[in-house]
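Undergrad: Got a structure for you, questions after.
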Amino acid sequence: MELLDVGLAEVTLAVAQVSAIACPPCQTVLSLLEQRVQDEYFTGHLPTRLKGLDDVLCGGIPFGVLTELVGPAGIGKTQFCMKLSLLASLPPNFGGLDGHVIYIDVESKFSSRRMIEIGVNSFPEIFHMEGMAQEMAGRILVLRPASLAEFTESLQQIKVSILQRQVKLLVIDSMAALVSGEEQGSRRQYSLGWHISFIKSLAEFSRIPIVVTNQVRSQNCDEASQYPFQGAVPSMVDDAVGNRFDSHLVPALGIHWAHAVTIRLVLEAKSGARLIKVAKSPISPPIVFPFNITSSGILFTSDVGIEMTGPQINTIQNQGHSGILNFSS
Amino acid sequence: MDILRMAVSATQRGKLIAAGYTSLSSLSSISPPVLARDLQIPESEASEILKAASQSVRLDNSNGCHAIIAGAQTAWDMLNEEDTSRCITTSCADLDNILGGGINCKEVTEIGGVPGIGKTQLGIQLAVNVQRPADYGGLGGKAIYIDTEGSFMVERALQIAEACVEDMLEYRGFLRKNFEPCHVSMQPKDFLANIFYFRICSYTEQLAVVNYLDKFISDHKDVKLVIIDSVTFHFRQDFDDMALRTRLLSGMALKLIKLAKKNSLAVRNLSPFAGCSLESGDDQVFKWFIPFIPCLR
């Protein structure tokens, strides 16, 4: 009232009107569903061609939200991203989104040769046609920002090209590497927070899938808090000195990031076998699929997943994995 | 000076004081034309000032003369009210038992938890359950879903609605009442049509929607549940001024409580936990805030 020099009644009315205008429009959920069925490819999902995963995710990677791939080094996150980029660039009659893909490759892991190999092995009928390989590969734009600041600058241009409806998928590989270069503490949290809001709102407005990969870090035992009724604390190895070591890894970037992503796919290695777990998803139960990496990208060894209840769905193991790192695809 | 308490603008107050009107009683016997001449303002403005003055006087008098304070209720009346108030079932018998029947109306209930634990699922479940008829554990009303994180999935809502319809059909056989056999005629898509969805992308939009809720609910009288998922998401980033953030959040909490009481609705806040890990100074403020909310229930 002091600020605008008007009476209480006017202020109340003004606040009410401003709120009504600033408030986003309301929709019933039914109209949302109908809109998606009508307007979007595959009712708003990007099929991954992994039958088990597509069934569990109601069609594939959903549009408009953040999907996270997290796992230890060398497990197959970049392979998965490359496969998805390829799938998004395919024409609709082959199950793709017929659009461009922006691939943010922070750690220079993207290999176009590997991408073409995946394409030739998974979709021979397309890639053996004259000029198709060039067309598909031509739709994938690779950006290599050297720092978070560069990435932030290019985000504005990315936003423009996405909103012009040419880009149908954004892949960020990896978010943790981008942020890890920044200084610690509140500046970093603030900056990560800003990027989270921006990327989420970008996904929302443009209705495209955004896939982000994340690294892991080891968990210190202070964080392993349990309720008494949950029974024994999971295995902790004691060493000779009496200190406790936890054999678990946790996703990097913290809890705020964990809340921000909508779907979290955890990739891990257990006794030499690779597993992909749907750890956080509003549309699926916690379920695990075993997979392998072959010349045509990621393939499930079994399309029937195993439901996993309890806290193991969130843990990340890296057992027996170092032996796998030396295999050739 | 009780002039200071009047709900008028600063310049008007200044003019009143300058003209010598320092107390409400001095305004009680003045007519609008006289006041207008004294203050050199239009007559309509003068009559508005006098109206504001008489309102303040009425409030003062009622406090002084009556033994019962305006707005208070006796504990007995509240007990009767609580007994007759309805609850929304959560579809989990144990949880309903703990909550005394389900989610209560006229209250703000907060659900907090780590990521991926099921807060959004519970929110969608309640948005569907509130639409069940009273015999089946609902209120027969509509729901408002305010989504700040984008984790609401329409496919999941459809799945839950389909399961709810099946559940109701099964339960109908157990009810020993003679009502029409086709009482349960809701289809899953009807459930979806009764959920109003707002997608909020910033804290300003969140504040705007909370302010707008009052008008929206008075336009749609059959809304019985408001779900906010999640209340603190947008406040965790983009805020340099922590004190402002706390003030905004507390103000919003109070508005929601008032809204719940006024319209007899249940308001549900889903809030992400900062957890026990102190990753930065930011989370320390957050930890202070979380114990604050439960005591407002």
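The values are calculated or read from the model by the stated rules, or taken from the named source; none is laboratory data. Predicted, not measured: the structure shown is a model, and the values here were computed from it. For neighbour counting, all protein chains shown are included, and Cβ atoms are generated from backbone atoms with ideal geometry for every residue, glycine included.
Undergrad: In the list A:Val179, A:Val171, A:Val212, which residue meets the criterion of being among the hydrophobic types (A, V, I, L, M, F, W, C), touching a Cys at 6+ places or on another chain (Cβ under 9 Å) and crowded, with 19+ Cβ neighbours inside 10 Å? Don't jump to the end; show me each part of the working.
TA: Working: A:Val179 fails: touching a Cys at 6+ places or on another chain (Cβ under 9 Å); A:Val212 fails: touching a Cys at 6+ places or on another chain (Cβ under 9 Å).
On inspection, the qualifying residue turns out to be A:Val171.
Yes/no per residue for (1) polar (S, T, N, Q); (2) surrounded by fewer than 19 Cβ atoms within 10 Å (Cβ to Cβ); (3) more than 8 Å from every other protein chain (Cβ to nearest Cβ):
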position: A:Thr12; (1), (2), (3): yes, yes, yes
position: A:Ala22; (1), (2), (3): no, yes, no
position: A:Gln27; (1), (2), (3): yes, yes, no
position: A:Glu34; (1), (2), (3): no, yes, yes
position: A:Ala73; (1), (2), (3): no, yes, yes
position: A:Lys83; (1), (2), (3): no, no, yes
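Undergrad: Name the residues in segment A:58-81 that are touching an Asp or Glu at 6+ places or on another chain (Cβ under 7 Å) and either closer than 17 Å to A:His45 by Cα or acidic (Asp, Glu) (or both), would you?
TA: A:Cys58, A:Gly60, A:Phe63, A:Gly64, A:Cys81
Undergrad: Sticking with this structure for a sec: Might you check whether a residue that is modelled with pLDDT of 85 or more and either under 30 Å from A:Ser89 (Cβ atoms) or within 14 Å of chain B (Cβ to nearest Cβ) (or both) occurs anywhere in segment A:187-194? Outline the logic, then answer.
TA: Narrowing segment A:187-194 to residues modelled with pLDDT of 85 or more: none.
The answer is no; no qualifying residue exists.
Undergrad: For B:Asp219, which of the numbered conditions (1) under 17 Å from the mean Cα position of the chain (by Cα); (2) over 29 Å from B:Val154 (Cα atoms); (3) of a type outside the set (A, V, I, L, M, F, W, C) fails to hold?
TA: Failed condition: (2).
Undergrad: Which condition number does B:Thr204 fail, the rest of (1) in contact (Cβ under 8 Å) with a residue 60 or more places away in the chain; (2) part of a helix (DSSP H, G or I) being met?
TA: Condition not satisfied by B:Thr204: (1).
Undergrad: Considering only segment B:215-234, state which residues are assigned to a helix (DSSP H, G or I) and surrounded by fewer than 21 Cβ atoms within 10 Å (Cβ to Cβ). First the steps, then the outcome.
TA: Let us first name the residues in segment B:215-234 that are assigned to a helix (DSSP H, G or I), namely B:215-219, B:233-234.
Result: B:Lys215, B:Phe216, B:Ile217, B:Ser218, B:Asp219.
Undergrad: OK, next. Find all pairs meeting these conditions: Cβ atoms under 6 angstrom apart; at least six residues apart or on different chains; first residue within segment B:12-27 and of a type in the set (Ser, Thr, Tyr); second residue in a loop (DSSP other than H, G, I, E, B).
TA: Once the first residue is of a type in the set (Ser, Thr, Tyr) and sits in segment B:12-27, its partners that are in a loop (DSSP other than H, G, I, E, B) give B:Thr22/B:Met1.
Undergrad: I've got another one for you. Check segment A:111-132 and report whether any residue there is within 14 Å of another protein chain (Cβ to nearest Cβ) and at pLDDT 85 or above. Explain how you work it out, then say what you get.
TA: First, the residues of segment A:111-132 that are within 14 Å of another protein chain (Cβ to nearest Cβ): none.
Scanning segment A:111-132, I find no residue that is within 14 Å of another protein chain (Cβ to nearest Cβ) and at pLDDT 85 or above, so the answer is no.
Undergrad: Can you tell which of A:Arg49, A:Arg36 is within 23 Å of the chain's Cα centre (by Cα) and under 30 Å from B:Val209 (Cβ atoms)? Lay out the reasoning, then the answer.
TA: Working: A:Arg49 fails: under 30 Å from B:Val209 (Cβ atoms).
Testing whether each residue is within 23 Å of the chain's Cα centre (by Cα) and under 30 Å from B:Val209 (Cβ atoms) leaves just A:Arg36.
Per-residue answers, yes or no, for (1) assigned to a strand (DSSP E or B); (2) surrounded by fewer than 23 Cβ atoms within 10 Å (Cβ to Cβ):
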residue: A:Arg264; (1), (2): yes, no
residue: A:Ala269; (1), (2): yes, no
residue: A:Ala279; (1), (2): yes, no
residue: A:Ser284; (1), (2): no, yes
residue: A:Asn292; (1), (2): yes, yes
residue: A:Leu299; (1), (2): yes, yes
residue: A:Asp303; (1), (2): no, yes
residue: A:Thr309; (1), (2): no, yes
residue: A:Gln312; (1), (2): no, yes
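Undergrad: Continuing with the same structure: Would you please name the residue that is nearest to the other protein chains (Cβ to nearest Cβ), looking only at residues in segment B:5-44 that are within 14 Å of B:Gln55 (Cα to Cα) and not in a loop (DSSP other than H, G, I, E, B)?
TA: Among residues in segment B:5-44 that are within 14 Å of B:Gln55 (Cα to Cα) and not in a loop (DSSP other than H, G, I, E, B), the one nearest to the other protein chains (Cβ to nearest Cβ) is B:Arg5.
Undergrad: Output the number of the condition that A:Asn214 fails; it satisfies all remaining conditions of (1) within 14 Å of chain B (Cβ to nearest Cβ); (2) closer than 23 Å to A:Leu86 by Cα; (3) modelled with pLDDT under 80.
TA: All conditions are met except number (3).
Undergrad: How many residues are of a type in the set (Lys, Arg), at pLDDT 80 or above and surrounded by 16 or more Cβ atoms within 10 Å (Cβ to Cβ) if we restrict to segment B:236-254?
TA: Keep residues of segment B:236-254 that are of a type in the set (Lys, Arg), which gives B:236, B:245, B:247.
With at pLDDT 80 or above added as a condition, the list becomes B:245, B:247.
Cutting the leftovers down to surrounded by 16 or more Cβ atoms within 10 Å (Cβ to Cβ) gives us B:245.
The number of residues fulfilling the criteria is 1.
Undergrad: For residues in segment B:190-214 being at pLDDT 85 or above and charged (D, E, K, R), which is surrounded by the fewest Cβ atoms within 10 Å (Cβ to Cβ)?
TA: Among those residues, the one meeting the criterion is B:Asp190.
Undergrad: Given the structure, is A:Ile118 in contact (Cβ under 8 Å) with a residue 60 or more places away in the chain, of a type in the set (A, V, I, L, M) and within 15 Å of A:Gln79 (Cβ to Cβ)? Please lay out each step first, then the result.
TA: Details: in contact (Cβ under 8 Å) with a residue 60 or more places away in the chain: yes; of a type in the set (A, V, I, L, M): yes; within 15 Å of A:Gln79 (Cβ to Cβ): yes.
Considered against the rule, which asks whether it is in contact (Cβ under 8 Å) with a residue 60 or more places away in the chain, of a type in the set (A, V, I, L, M) and within 15 Å of A:Gln79 (Cβ to Cβ), A:Ile118 comes out as yes.
Undergrad: Go through segment B:132-176 and give me each residue that's more than 17 Å from B:Pro188 (Cα to Cα), among the hydrophobic types (A, V, I, L, M, F, W, C) and more than 25 Å from the chain's Cα centre (by Cα).
TA: Listed by number, the residues that qualify are B:Phe174, B:Leu175.
The rows are residues; the columns are (1) free of Cβ contacts under 8 Å to residues at least 24 places away in the same chain; (2) over 22 Å from A:Ile199 (Cα atoms).
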| residue | (1), (2) |
| --- | --- |
| A:Gly7 | yes, yes |
| A:Val11 | yes, yes |
| A:Val15 | yes, yes |
| A:Val18 | yes, yes |
| A:Cys23 | yes, no |
| A:Leu46 | no, no |
| A:Gly52 | no, yes |
| A:Val65 | no, no |
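Undergrad: What number goes with the only condition from (1) within 30 Å of A:Lys280 (Cβ to Cβ); (2) within 9 Å of chain B (Cβ to nearest Cβ); (3) at pLDDT below 80 that A:Glu2 does not pass?
TA: Against the list (1) within 30 Å of A:Lys280 (Cβ to Cβ); (2) within 9 Å of chain B (Cβ to nearest Cβ); (3) at pLDDT below 80, A:Glu2 comes up short only on (1).
Undergrad: Quick one: is A:Asp55 in contact with an Asp or Glu (Cβ under 9 Å, 6 or more places away or on another chain), away from every other protein chain (no Cβ under 11 Å) and among the charged types (D, E, K, R)? Before you say what the answer is, go through the steps one by one.
TA: Values: in contact with an Asp or Glu (Cβ under 9 Å, 6 or more places away or on another chain): yes; away from every other protein chain (no Cβ under 11 Å): yes; among the charged types (D, E, K, R): yes.
When the stated conditions are applied, A:Asp55 passes them.
Undergrad: Next question, about the same structure. Considering only helices (runs of 4 or more DSSP H) fully contained in segment B:69-168, which possess at least 1 residues that are under 17 Å from B:Ile227 (Cα atoms) and among the charged types (D, E, K, R)?
TA: Counting at least 1 such residues, we get B:119-129.
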